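**Student:** First the structure, which I've put down as structure tokens, then a few questions once you've had a look.
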Amino acid sequence: MGAGYADHWSGRQNERRASETAPSQSRLGSGPRSSPGEVGGAIIRSVAGKWVILHAGALGDLVLTVQLALGLDEVQRGRQLHLLARACPGDLSECMPSITFESLETLGAHWLYAEQGGALPPALLQRIHGRRVLNALGDTTSMTHRKLDRLEPVQLLSFDPRPRPGLRTHITRQWQRDVERQGILFPKCIHQKGGSRRLRVSPKLEAHGRRLLAEAGCAGPAVLIHPGSGGREKCWPLACFLDVGRQLRRGGRAVCFLVGPVELERWSAADIESIAREFPLVQAPPADTLACVLAAGRALVANDTGPAHLAALLGTPSVTVFGATSPHVWAPLGPQQAALGGDAEGRPDDWGIAPGAVVELTKQAAE
């Protein structure tokens with residue numbers, strides 16, 4: 001698979017660069033240490049008040065980090081987030097809050113991990129100085145935090161995105177606690193207010209998605225089924241997804257399958273053909289197209305994967321099937337999100353999850 005593109009569809013990363021141990025304190029937003037002008041030899045212009053997220057993980061983790069940020073009143077008031085990330089969520093600039101994206105790899109981000117100091121990367125400096133930054137590259141003891149601090153953001157909040165051993169609550173609760181230790185408070189009811197964890201999707205985005213689904217052969221609003229994932233162990237058997245699709249179709253629902261670049265590379269031609277013989281099929285859509293299609297879907301059925309989280313962010317009702325990972329820790333956030341946990345090792349044929357149960361939850365979500 002091509003480097004970079006497959007990151008949009010890949011599963012959650014299991015390994016990250018280890019954090020270092022030198023302590024550093026985060027500024028809590030009283031203002032930048034210097035006025036706009038020259039920093040590190042580069043001329044910059046302060047853009048105080050805008051929020052930037054730095055993230056190097058897969059799409060699902062990125063979306064959960066965005067949803068963490070949406071819990072901050074200041075983000076809701078500012079109505080804009082800028083992502084410096086590895087995975088691309090597609091063009092969400094016309095949503096509310098507006099989300100824009102740049103590839104972290106093109107901005108000199110390697111400097112954040114370099115042992116030697118070196119010159120400050122001008123592109124990264126331009127995007128960090130004077131802004132409020134939520135950093136998911138390492139906690140407050142990490143090299144990335146210390147180096148970002150040199151770029152003089154108005155505010156720098158850092159956390160390690162990896163789940164701690166024995167975690168039994170949702171991962172965003174761990175991240176929230178880590179951020180709150182740095183002087184930021186979230187509303188107490190944030191985990192009960194599902195609507196605050198989604199975007200208001202622009203009519204243009206949704207309309208484009210409906211046109212794309214119509215071109216794929218879907219007559220009317222479709223239930224989307226994404227049977228893949230970046231990790232083989234996270235994939236409920238394809239036969240189960242096909243069974244779900246058939247039952248939904250017999251019940252009068254339009255159904256469309258989505259497969260990503262991982263599936264096209266890993267699966268046999270016979271597997272892909274088994275889907276295409278029975279259902280409309282969208283194959284490896286670019287990130288912008290994926291976002292449009294998910295926004296237009298009546299509902300989504302998927303494994304624990306990036307598109308499931310992106311659908312939740314866009315407000316599309318979803319049923320997510322979990323086997324190797326825990327729904328208690330990694331479930332998509334938002335209203336009308338259902339998660340089913342199964343036993344992938346003990347019941348490899350269907351994980352102990354009946355396709356009929358998935359169908360019933362999908363029907364409820366699609367109402």
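The values are calculated or read from the model by the stated rules, or taken from the named source; none is laboratory data. Keep in mind that this is a model prediction, so the values were computed, not measured. We place every Cβ from the backbone using ideal geometry, glycine too, and count neighbours over all the protein chains shown.
**Student:** On the given criteria, is Ala331 at pLDDT 95 or above and either hydrophobic (A, V, I, L, M, F, W, C) or within 27 Å of Val66 (Cα to Cα) (or both)? Quick ask: steps written out before the conclusion?
**Tutor:** Details: at pLDDT 95 or above: yes; either hydrophobic (A, V, I, L, M, F, W, C) or within 27 Å of Val66 (Cα to Cα) (or both): yes.
Criteria met by Ala331.
**Student:** Let me ask you something else. Filter the range 78-117 down to residues that are assigned to a strand (DSSP E or B) and among the small types (Gly, Ala, Ser) and give me whichever is farthest from Gly306 (Cα to Cα).
**Tutor:** The selected residue is Ser98.
**Student:** Please pick out the residue among Leu137, Leu124, Leu156 that is of a type in the set (A, V, I, L, M, F, W, C), in a strand (DSSP E or B) and modelled with pLDDT of 95 or more. Full working, then the answer.
**Tutor:** Working: Leu137 fails: in a strand (DSSP E or B); Leu124 fails: in a strand (DSSP E or B).
Every option except Leu156 fails the conditions.
**Student:** Looking at the range 340-349, is at least one residue modelled with pLDDT of 95 or more and either under 19 Å from the mean Cα position of the chain (by Cα) or within 22 Å of Gly217 (Cα to Cα) (or both)?
**Tutor:** The answer is no; no qualifying residue exists.
**Student:** Further question on the same structure: Exactly one of (1) farther than 19 Å from Thr65 by Cα; (2) of a type in the set (A, V, I, L, M, F, W, C); (3) surrounded by 21 or more Cβ atoms within 10 Å (Cβ to Cβ) is unmet by Leu313. Its number?
**Tutor:** Unmet condition: (1).
**Student:** Do we have Val179 as assigned by TED's automatic domain parsing to the domain that holds Gly71, of a type in the set (Val, Ile, Thr) and touching a residue at least 12 places away in the same chain (Cβ under 8 Å) here? Working first, answer last.
**Tutor:** Numbers: assigned by TED's automatic domain parsing to the domain that holds Gly71: yes; of a type in the set (Val, Ile, Thr): yes; touching a residue at least 12 places away in the same chain (Cβ under 8 Å): yes.
Considered against the rule, which asks whether it is assigned by TED's automatic domain parsing to the domain that holds Gly71, of a type in the set (Val, Ile, Thr) and touching a residue at least 12 places away in the same chain (Cβ under 8 Å), Val179 comes out as yes.
**Student:** Among the residues of the range 328-366, which ones are β-branched (Val, Ile, Thr) and not in a loop (DSSP other than H, G, I, E, B)?
**Tutor:** If the condition is that a residue be β-branched (Val, Ile, Thr) and not in a loop (DSSP other than H, G, I, E, B), then Val329, Val358, Val359, Thr362 are the ones that fit.
**Student:** A further question on this structure: Every residue in the range 231-282 that is closer than 15 Å to Val319 by Cβ and of a type in the set (Asp, Glu), please.
**Tutor:** Matches in the range 231-282: Asp243 only.
**Student:** Looking at (1) under 24 Å from Val293 (Cβ atoms); (2) among the β-branched types (Val, Ile, Thr); (3) in contact (Cβ under 8 Å) with a residue 60 or more places away in the chain, can you tell me which one Thr100 breaks?
**Tutor:** Going through the list (1) under 24 Å from Val293 (Cβ atoms); (2) among the β-branched types (Val, Ile, Thr); (3) in contact (Cβ under 8 Å) with a residue 60 or more places away in the chain, Thr100 breaks only (3).
Conditions tested, residue by residue: (1) over 26 Å from Gly341 (Cβ atoms); (2) touching a His at 6+ places or on another chain (Cβ under 7 Å); (3) β-branched (Val, Ile, Thr).
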position	(1), (2), (3)
Glu215	yes, no, no
Ser229	no, no, no
Lys234	no, no, no
Val255	no, no, yes
Val262	no, no, yes
Leu294	no, no, no
